[in-house]
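Heads up: the structure comes next, in structure tokens.
The values are calculated or read from the model by the stated rules, or taken from the named source; none is laboratory data. All values reported here derive from a predicted model rather than from experimental measurement. Every residue, glycine among them, receives a Cβ derived from its backbone with ideal geometry; neighbour counts consider all protein chains shown. Remember, those area values only see protein heavy atoms, side chains included, never the ligands or the DNA or RNA. Shrake-Rupley method; radii C 1.70, N 1.55, O 1.52, S 1.80 Å.
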Amino acid sequence: MASASARGAWKSRLGFILAAAGSAIGLGNIWRFPYVVGENGGAAFVLIYLGFVFLIGAPVMISELALGRRTERNPVGAFASLAPGSLWQFVGLLGVITGVGILSFYGVVAGWTVGYFFKTVGGTFNRPMSAEETAAIFSGFVSNWMVACGLLLTFLVLTALIVWRGVSDGIEFMSKILMPILLLLLIVLAARSVTLSGAGPGLRFYLAPDFSKITPQTFPTALGQAFFSLSLGMGAMITYGSYIGKRDNLVSAAGMVCLFDTMIALLAGLIIFPALFHAGLDPASGVGLVFQVLPPLFATLPAGQLFGAAFFLLLTIAALTSTISLLEVPVSYLIDEFKWSRGKAVLVTSLGTLLLGLPSALAFGAVDFFSALPGVGLDFLSLMNIIFGNYSLSLGSLLLAVFVGYRWGVAGAAEEIEQEGVRFGLRPAWAFLIRFLCPVAVAVIIVYIVLTGNYF
Ligand code: PHE
């Protein structure tokens, strides 16, 4: 364990689970999940998503953690140390690039969350509002280039400061104390939302599957959402796994993270859809959905302003525990492979991410070109979100499954998982899923999309 502690290690087993859950739980659950469910027809999408989380996401998470702990390296080093001199390290490199790509637009949305915290504290939402009014407030806010870029910068600086201090100090503390409070707040909000007048159609949309709403796009989007929400396919879990002790049970940790993460996403949906139908908004409103639906919901609660402020603050922190894991991947790569100091690695990656993030920050009315990319019909942020958040993570997970299933081999991975007498009862099921179901299902979806050209 000498090398693990030199690189930093978790203080406790609980600390690790909370940190991994902190990476998984974030804007992916509360911002992204509801809007992709809304755009993709509701309950049928949710069912497919759940299937992907448990049949594909969970086995991939176990594999990433095992690979990280076995090699005690960043994603590039992890592949390189088990398959020296091969092309496999490019899978790790894809992860490093994807981390920067995701962080660039994630930071923009996290910045909006910070902005909404201040708006709520300032009393903007203290009176009842129509759907048109909240939509107008949102578009006025995101189209202001100075605000959007300033908030992106603020958020990246926060992330950089924590990553610079090293893994355990920054991350464990925040996850341990604040995530349970967020969960509590979500439960209260869900209880309020489902008892609103007109909640029925929202619940039906969200919970009663209408399979005629499934399109070819449903599958890559649900798959991408599963990987995105669980932080898989770009090495975040490889990196976090590299800091876990040999006696910890990776399988139960992965199981708990998948369960927590799914619970939070499902709760977010339970909050958004009844409130959305109550307010008469369109479920397919896109990236602004939660920012338009939630403020009027807070206004219906006693002490709604306090509630709203607490919510946006905790969401900011949930986003921060995810951005930390995104930044940690390129940073640990530069430290391990190029012997950079942590400070230099953090500074260079954050600056690069900021530059890449600016077009996303300007994509909602500030600059017309980025707001509707010619020939694509999407704004820049949504394009980045689809390329990195769906396709890049899916490709990364596919290659990881092939690597663990065939190159490292399920026997080698299982041996790592079963260290120090840990029992792995689900080993045959996991081996089947990682060798056959994961690669085949993900490959079929990607090939189908490429053949039909239905990328977006
Ligand atoms: N899982 C995080 C979320 O749901 C986002 C993320 C994706 C973090 C990939 C790390 C890696 O918000």
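Key figures
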quantity: Cα-centred dipole magnitude for segment 1-125, charges only on beta-carbon of K, R (+1) and D, E (-1), debye, nearest 20; calculated: 360 debye
quantity: Stretchable slack from Asp210 to Thr452, in nm (0.36 nm times residue separation minus alpha-carbon distance); calculated: 84.7 nm
quantity: Carbon plus sulfur fraction of accessible area for the chain, probe 1.4 Å, in percent; calculated: 70 percent
quantity: Proximal charge balance of Thr349 [Cβ under 12 Å; K/R count +1, D/E count -1]; calculated: +1
quantity: Cβ-defined net charge surrounding Asp248, 10 Å radius [Lys, Arg +1; Asp, Glu -1]; calculated: +3
quantity: Proximal lysines to Lys176, defined as alpha-carbon separation beneath 21 angstrom and excluding residues fewer than eight positions away on the same chain; calculated: Lys11
quantity: Of the DSSP H helices in the chain, those whose Cα atoms cover at least 24 Å axially and whose Kyte score averages -0.5 or more; calculated: 89-121, 145-165, 173-194, 250-279, 304-338, 342-361
quantity: Per-peptide average of other Cβ atoms within 10 Å, ordering 371-377, 136-142, 231-237 highest first; calculated: 231-237, 136-142, 371-377
quantity: Sites Val440 and Phe90, calculated FRET efficiency, Cβ-Cβ separation with R0 30 Å, nearest 0.05; calculated: 0.85
quantity: Residue among Phe105, Met146, Leu362 farthest towards the positive dipole end of segment 4-452, charges placed on Cβ; calculated: Phe105
quantity: Loop-located GluC sites (Glu not before Pro) in segment 393-424 whose Cβ has at most 16 other Cβ within 10 Å (DSSP); calculated: Glu418
quantity: Stretch gain in nm, segment Leu55-Ala83, where the contour uses 0.36 nm per residue and the Cα spacing is subtracted; calculated: 7.4 nm
quantity: Accessible-area order (highest first, 1.4 angstrom probe) of the listed residues Phe205, Phe155; calculated: Phe205, Phe155
quantity: Whole-Hz couplings from phi, Karplus 6.51/-1.76/1.60, listed for segment 362-372; x for Gly and Pro; calculated: 9, 8, 10, x, 5, 10, 4, 4, 6, 7, 8
quantity: Summed residue charge, Cβ within 13 Å of Ser382's Cβ, Lys/Arg positive, Asp/Glu negative; calculated: -1
quantity: Under 19 Å from Lys339, Cα to Cα: aspartates and glutamates that are on another chain or at least 8 residues apart; calculated: Glu72, Glu328
quantity: Accessible area per residue in Å² at 1.4 Å probe, computed on the chain; calculated: 36 Å²
quantity: Sequence-distant residues sharing a close amide H with Leu378 (under 5 Å, placed H); calculated: Leu373
quantity: Charged-residue dipole, Cβ positions (Lys, Arg, Asp, Glu), the chain about Cα centre, Debye nearest 20; calculated: 740 debye
quantity: Calculated FRET value between Phe118 and Ser143, using beta carbons and R₀ = 22 Å, to 0.05; calculated: 0.80
quantity: Rel. contact order, % - alpha carbon contacts under 8 angstrom, at least six apart, segment 4-452; calculated: 35 percent
quantity: Between segment 271-316 and segment 39-68, the Cα center-to-center distance that results, in Å; calculated: 26 Å
